[in-house]
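To keep things clear, I will list the structure first and then write my remarks on it.
Values quoted throughout were computed directly from the atomic coordinates according to the rules given, and no laboratory measurement underlies them. Source: prediction; values computed, not measured. Ideal geometry is used to build each Cβ from the backbone, glycine not excepted, and the neighbour counts take in all protein chains shown.
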Amino acid sequence: MNLSIECIPCILNSIIRLFRLGILPEEDKEPALRRLLEFLSQVNYQQSPPTLGRELHRLIRRELNNPDPYYEIKKKYNQLMLDMYPVFKEIVDQAANPFNAALRLAVAGNVIDFGPQQQLDVMETIDRVMNAQFAIDDSKHLKKDLKSANTLLYIGDNCGEIVFDRLFLETIAHPHMYYAVRGAPVINDATIEDSKMVGIDEIANIITTGDDTPGTVLENSSEDFRQIFHKADVIIAKGQGNLEGLIEVPQNIYFLLVTKCEIIGNRLGTIVGEFVVKKGRASAVKTGELKTKMVINS
């Protein structure tokens, strides 16, 4: 997906929220904001939002002289969700369909995000998600594909949310699972340190995308990651950033997310706050269905 001018207010609001954390002296905020606005005035609108996010947050980290300005927030939300893990585990264990319950919790966890302008309440979302009708629900296809898959690649998104990923991975219990995180800190996206903090290293092989894009963009990713990506039989990609970077990629990908902005909603045919489990189309080579380009909506 290419950048839209409607992305700019969202970007500015995320910067303002960061400044409100008090990690930059008051007298430095205006000069820093002016430099960030100058940067945004010159961006290439043909790039994807995650690629812009990578360059923008590199600039923000330089302005703040802080390699990980969200560090404390990330640890806070990891611990908060870890403390709630027994409650979530009980929900899954007592469910008539544990796979469906764990998947729903994994989708609900996607509201923990400090990037989008629209902020959603975690616990309220969890209450809704357990009985809600998903706007797009390809979960039956996902469950079927997992049964025949030799390898699963699960691409994570945000801290806190990754506790729900752990529970879903435990429920899937596939013998060959990779869990991918960012290669370096960016916003509140999960890194290796975060995934180990919540115990994902005990159930899956942790890898990184090899860069600090707040999403997965293959041309920005490492060769090691791309090799695993292309060999995986099933890919689960969490969140809008991963969808924005992978929506045109012809691979057997399932996008799990809460719609957080109208741009994504218009692309998927959903509205803000709705839940999505969306299957992409497999490549033309594998399915014989496509000739030149993946069509994501069916």
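Annotations
- Panel values: the chain, Kirkwood radius from alpha carbon pairs, Stokes-Einstein at 25 °C and 0.890 mPa s, translational diffusion coefficient 126 µm²/s.
- Computed over the chain with a Gaussian network model linking Cα atoms closer than 10 Å, the most mobile of Val258, Val122, Val163 is Val122.
- Using a Förster distance of 35 Å, the FRET efficiency for Glu124-Lys144 (Cβ separation, nearest 0.05): 0.65
- When you restrict to C-alpha pairs under 8 Å that are six or more residues apart and normalise by the size of the chain, the relative contact order lands at 19 percent.
- Of the DSSP H helices in the chain, those whose Cα atoms cover at least 27 Å axially and whose Kyte score averages -1.0 or more: 71-94
- Fraction of beta bridges assigned by DSSP in the chain that are antiparallel (%, nearest 5): 25 percent
- Estimated FRET transfer efficiency (His230, Ile16; beta-carbon r; R0 51 Å; 0.05): 0.85
- Reducing segment 131-206 and segment 1-69 to their Cα centroids gives an inter-centroid distance of 28 Å.
- Cut-off 12 Å between beta-carbons: net charge of the residues surrounding Asp137, Lys and Arg +1, Asp and Glu -1: +3
- Tensor-based shape of segment 111-208 (alpha-carbon gyration tensor, a/c under 1.5 rounded, otherwise prolate or oblate): oblate
- Partners of Lys140 within straight-line reach, counting aspartates and glutamates whose Cα lies under 17 Å from its Cα and excluding those fewer than 8 residues away in the same chain: Asp233.
- Within a Gaussian network of the chain (alpha carbon springs, distance under 10 Å), most fluctuating of Met197, Met123, Met177: Met123
- Pairs beyond 20 Å (Cα-Cα), from Lys74/Lys196; Lys29/Lys260; Lys29/Lys75; Lys75/Lys260: Lys29/Lys260; Lys29/Lys75; Lys75/Lys260
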